[in-house]
1. Filter segment 357-404 down to the residues that are of a type in the set (S, T, N, Q), part of a helix (DSSP H, G or I) and under 15 Å from Leu289 (Cα atoms) and list them by number.
2. Can you tell me which residue is farthest from the chain's Cα centre (by Cα) among those in segment 30-65 that are at positive phi and touching a residue at least 60 places away in the same chain (Cβ under 8 Å)?
3. Could you count how many residues in segment 154-174 are small (Gly, Ala, Ser), farther than 20 Å from Met82 by Cβ and in contact with a Pro (Cβ under 9 Å, 6 or more places away or on another chain)?
4. Which residues, taken from segment 165-196, are part of a loop (DSSP other than H, G, I, E, B) and surrounded by 17 or more Cβ atoms within 10 Å (Cβ to Cβ)?
5. Phe95: hydrophobic (A, V, I, L, M, F, W, C), under 29 Å from Thr232 (Cβ atoms) and within 17 Å of the chain's Cα centre (by Cα), yes or no?
6. Only one residue in Gly88, Gly106 is surrounded by fewer than 17 Cβ atoms within 10 Å (Cβ to Cβ), among the small types (Gly, Ala, Ser) and either in contact (Cβ under 8 Å) with a residue 60 or more places away in the chain or under 15 Å from Leu411 (Cβ atoms) (or both), so which one is that?
7. Report the residue count in segment 174-192 for those that are of a type in the set (A, V, I, L, M, F, W, C) and more than 20 Å from Ile111 (Cβ to Cβ).
Amino acid sequence: MRASLKLIIEFCHFWFGVVFMDLLIKNGKVVWPDVTLEADLAIDAGKIIGIGSGDVFPKADRVVDAGGNFVVPGGIDPHVHMHVGFMGATTLDEFDTGTMAAAIGGTTTVIDFAFQAKGKLPMESIEARRKEADGKVCIDYTLHSNLTEGNDASIAQIPKIIEMGIPSFKFFMVYRKEELMIDDGNLIPIMEEIKKHGGLAGCHTENVSIIEFLQEQAIKKGNKSPIYHALTRPPINEAEALNRALYISKYLDSAFYDYHLSVKEGVELIRQARKEGFPAYCETTTHYLTLEEDMYKRPDGLNFICSPPLRTRDHIEELWRGLADGTISAVASDQAAFTLEHKKMGKDSFNKVPNGLPGMEFRVPLMFSEGVQKGRISVNRMAAVTSTNVAKIFGLYPKKGAIEIGSDADLVILDPKIKKKITIDDCPYKIDWTPFEGIELQGSPVMTISKGKIIAENGKFVGKTGEGEFVKGKISEEILKRPAA
């Protein structure tokens, strides 16, 4: 596939007419989803202009010696919630501090959400979210449209939302009392309209009736400790809702994306759908891959409350197998930076705790340390699930998620030899805890490059606030017609 790199470079040099370029990365082990090669990367005007041997490149303003470390595509986090209000609390991170943290951790693009506010149209919420982010983000970003009302006026805006470069949508099958849920009846016309205009529908899949019943029973019996968050959201709750969402999607012949998968039964549902040739995609998260349900039995167990809840070890191992065999397409952080004080809002009952965990700055290093270094996935698979697949699924490829000529020069140099223990000092947005405290990392990003500029180096942000941009997406027919990532 990449046998004639020198010829490619020479052609690229002629085509761009470059005589002095911005940046040369030399002596790196460059990682693609299908192969790892020792190669140099030539960068100019924010783009990759050459891949091959540095002796054929023009001179560079700056030369970075990767020293034999891995050079991977800049991470794309498909699921973050920055500075968002939920359950009476607002997450700590802003778009500037949050994207700084992401950059330090090897992420160069994030996908946040525009929640449709009650009584507002979805476009109004998108415009409001854009105003929050534009001029503050330190890396590039885009959005998912999160519809919370299935009325005709909301559905009528779907074509315009897709046309403006936001082709992905999320719907809650839960949070009925919070007035965020879209019921099954409304899902059908919404998904039909999304399919018609080349978009991708996805859901937070949990069965609201099961949750409400089990929570009511637990609280009536005085069972209010954090472990009951998990016990009132058992695996069947998530698996049933995913099965139902897939069934509706198959009925409509509409591609589907499952947000934050946490159960082994769900892995098998997605695996079977993909074997049948159906374009089913799903993500899991770093906390579902590393943290266990027993965390809820600790004295500080309420801090770990998120939805779906953390699961037992058998689910964790099946998630890793799903990543390795291609069933699970992506790994997200589901960043939701609630503080310890926020979590104390539920000290008297698990159902009052703001749901969500911080940690997007640890997504890439955790995937390398827990995945690659422990032999669960290859470094190539890591590149796919933390970047390339995300770009393909959400229509950002090959601008993002690719180490190819003409792609944005979003790159991460990762040193596999670094050993460190995660501590709260590694959280740049001043949060007062991390769910990953004490985990030993083997390997970590030492440099993050966004559009050809070095923005993070050795754990410090060295870029500029506001240099990130909104990126438009357009999902390919291939992604929408078959499982292609």
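The values are calculated or read from the model by the stated rules, or taken from the named source; none is laboratory data. Predicted model only: the values in this text are computed from it and were never measured. Neighbour counts are summed over all protein chains in view; Cβ atoms, including those assigned to glycine, are modelled from backbone coordinates with ideal geometry.
1. Within segment 357-404, the first condition is being of a type in the set (S, T, N, Q), and the residues that meet it are 369, 373, 378, 380, 386-389.
Going one step further and asking which of them are part of a helix (DSSP H, G or I), we end up with 369, 380, 386-389.
Once the filter is applied, which keeps residues that are of a type in the set (S, T, N, Q), part of a helix (DSSP H, G or I) and under 15 Å from Leu289 (Cα atoms), segment 357-404 yields Ser369, Thr386.
2. Let us first name the residues in segment 30-65 that are at positive phi, namely 45-46, 52.
This time we only want the ones that are touching a residue at least 60 places away in the same chain (Cβ under 8 Å), so: 45-46.
Numbers: Ala45: 27, Gly46: 23 Å.
The residue in question is Ala45.
3. Filtering segment 154-174 for residues small (Gly, Ala, Ser) gives 154, 156, 165, 168.
So of that shortlist, the ones also farther than 20 Å from Met82 by Cβ come out as 154, 156.
Now narrow it down to the ones that are in contact with a Pro (Cβ under 9 Å, 6 or more places away or on another chain): 154.
Count: 1.
4. Taking segment 165-196 as the starting set, the residues that turn out to be part of a loop (DSSP other than H, G, I, E, B) are 165-167, 173-180, 182-183.
Of everything in segment 165-196, those that are part of a loop (DSSP other than H, G, I, E, B) and surrounded by 17 or more Cβ atoms within 10 Å (Cβ to Cβ) turn out to be Ile166, Pro167, Met173, Val174, Tyr175, Leu180, Ile182.
5. Numbers: hydrophobic (A, V, I, L, M, F, W, C): yes; under 29 Å from Thr232 (Cβ atoms): no; within 17 Å of the chain's Cα centre (by Cα): yes.
When the stated conditions are applied, Phe95 does not pass them.
6. On inspection, the qualifying residue turns out to be Gly88.
7. Narrowing segment 174-192 to residues of a type in the set (A, V, I, L, M, F, W, C): 174, 180-182, 187-188, 190-191.
This time we only want the ones that are more than 20 Å from Ile111 (Cβ to Cβ), so: 174, 181, 187-188.
Residues meeting the conditions: 4.
Residue-by-condition table, conditions (1) at pLDDT below 95; (2) closer than 23 Å to Leu302 by Cα; (3) not β-branched (Val, Ile, Thr):
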| residue | (1), (2), (3) |
| --- | --- |
| Ile393 | no, no, no |
| Ile422 | no, yes, no |
| Phe436 | no, yes, yes |
| Val446 | no, no, no |
